Structure formats: structure tokens, C-alpha cells
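The values are calculated or read from the model by the stated rules, or taken from the named source; none is laboratory data. Since the structure is predicted, the reported quantities are computational estimates derived from the model, not experimental observations. All Cβ positions, glycine included, derive from the backbone under ideal geometry; neighbour counts span all protein chains shown. Keep in mind that these areas ignore ligands, DNA and RNA; they rest on the heavy atoms of the full protein, side chains included. Shrake-Rupley method; radii C 1.70, N 1.55, O 1.52, S 1.80 Å.
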Amino acid sequence: MIHSLHKLTLLVIVILWSQLAKADEPNAIQVLQKAEQKLLSSSMITTMNITIERPRWTKQMELKTWSKGKDYAAAYVIGPEKDKGTVYLKSKNAVYNYLPKIKKSIQLPVTMLNQSWMGTDLSADDLIKLTNITQDYNARITGSQNVSGRLCYEILLTPKEDADVLWGKLIIYIDKVDYIQLKTVFYDEDLVAVNTLVASQIKVFGDRKLASKIVMTPQKKTGYKTTIEYTRIIFNQSIPSSFFTKENLPKIKP
């Protein structure tokens, strides 16, 4: 009888500790919010190198980007030389492209944000990080996985009914220590995997620890890959809204 009582007491203790451990675990929205918090700022200025790989050729680019909130973003092409000075701009609901060789600004359809940007495997929206995941998607933790040497939460994201998003679902992996987004698998409307993004090489930018290298790989295109390596990220620097105007496009410089 005493032995049975002892076993029952141990079982109760194990159950209580298990419940306490689960209570300490954040839910999916809390994990996503912590990951978004690392990129939350009044503005962001970045310098990056992009390598586009294809079965028969490789192209390298250098960009400088500016963003302010969700409404404003700009990207200036530093290299290669033949593309130098090209500028892309999003100002609220308008998208522009400045071509330095003809010194002309062209308005583009907003749908360009969701299309391949300058031959990469990413869209302009991917580059300037305009999508707010916690507002556009329902989320739940579905497991754990080791990514880039870090144990991550595996989170399933499905679009909310009123969300205007491109993907049918996302599976995202966020590390359990620093809440850095380290992997995302993108699925189309038919729930077929289209792209996989993997982040690595953790560095400190200002007061934030972030992945400095991102690799986007299409699922069904052998030999296709785009790599982004951030060399500099500046948060919360004052940028006037007038910077993100069509009139200012020719004046944007790195």
C-alpha cells in the first residue's frame, strides 16, 4: 500500500512539473512576436550582397536599402556597373523604378512586389520585409527542428480569411534562445512547397542578434539559388518621408 502511494505521489509530481513546463513555453503568436520584435524599428537601412545562381551562370549584386514602417521602402543598386544607380521605390500604394541611363522614373504595378525581383528567387516584398505575419496568418506550434545548429520552434502559418497574401501556407522555424527566424518553407495555393529559405551566420547589428546570411532555394528548379549576405544594418535612423517620393528618386545615393 505504501509502495503504491509512493508511486502515485511521484506520478502527481511528474504531471505537475510537466504542466508547469508547458505553462512556461510561449505560444506560436508569442514566438512570432518576439521574432518580429528583433526587426521592429521606425526605420531600417541595410547594405547587402546578393548572389544569383543558375545552372549556366552566376550574377552578383550589391544593394543599399531604406525602409520606414510598412509604407515606404527604397533599394539602390550599387553594383554591377551596368545596373548601378537603378532605384526601386515603394511609397504607400505606388511603386516606381528609376533608370539612370535614361534618367527616367517609371511607375510599376503594385503586383511587382510579389514577383521575381531583378532575376532573383525573391520578390521585392521579401527584400524589404513588408509582410506582417502575426496580422496576416493564423499560427500554431507543430514541433521542433534543428536549423543552422540551433533548436527551433516549428510553426504552421495559414492565411486568415481576410488576408491579402501570396502563400497558401508557411512553415517557419524560429530558434528557441534568441528568437531568430532561421527557416521558412513557402507553399502555393495548392499547398505545394515552392521555396525554402534558410538563414545562418548569426551576427550582432547594433543591439540586435540576427542572421546575416539568407539562402532562398526554389523546390523544383535544380541549380537555382539566391543568397543574401547583410554587411550592415542600421535601426531607427531618422529618414524623412520626403525621401520616399518620386521626385527624390534621382537623388537617392548609397
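Considering only segment 148-168, state which residues are under 18 Å from residue 33 (Cα atoms) and charged (D, E, K, R). Within segment 148-168, 154, 160 qualify.
Could you go through segment 217-236 and let me know if any residue there is more than 30 Å from residue 254 (Cα to Cα) and in a strand (DSSP E or B).
Yes, some residue in segment 217-236 is more than 30 Å from residue 254 (Cα to Cα) and in a strand (DSSP E or B).
Condition (residue is in contact with a helix residue (DSSP H, G or I) (Cβ under 9 Å, 6 or more places away or on another chain) and open to solvent by 70 Å² or more (accessible area, probe 1.4 Å)) applied to segment 212-228: is it met by at least one residue? Within segment 212-228, not a single residue is in contact with a helix residue (DSSP H, G or I) (Cβ under 9 Å, 6 or more places away or on another chain) and open to solvent by 70 Å² or more (accessible area, probe 1.4 Å). Mind checking which residues of segment 227-254 are under 25 Å from residue 81 (Cα atoms) and among the aromatic types (Phe, Trp, Tyr)? Hits for segment 227-254 are 230, 243, 244.
Filtered by the rule that a residue be at pLDDT 90 or above, out of contact with any helix residue (DSSP H, G or I) (no Cβ under 8 Å at 6 or more places or on another chain) and either among the charged types (D, E, K, R) or open to solvent by 70 Å² or more (accessible area, probe 1.4 Å) (or both), segment 43-74 gives 53, 54, 55, 56, 57, 58, 59, 60, 62, 64. Residues that are within 30 Å of residue 203 (Cα to Cα), open to solvent by less than 20 Å² (accessible area, probe 1.4 Å) and part of a strand (DSSP E or B) occur at least once in segment 80-101.
Selection over segment 178-211 of residues that are free of Cβ contacts under 8 Å to residues at least 60 places away in the same chain and open to solvent by 50 Å² or more (accessible area, probe 1.4 Å) gives a count of 11.
In segment 237-254, the qualifying residues are those that are in a loop (DSSP other than H, G, I, E, B) and open to solvent by 30 Å² or more (accessible area, probe 1.4 Å), and the one that is modelled with the lowest pLDDT is 254.
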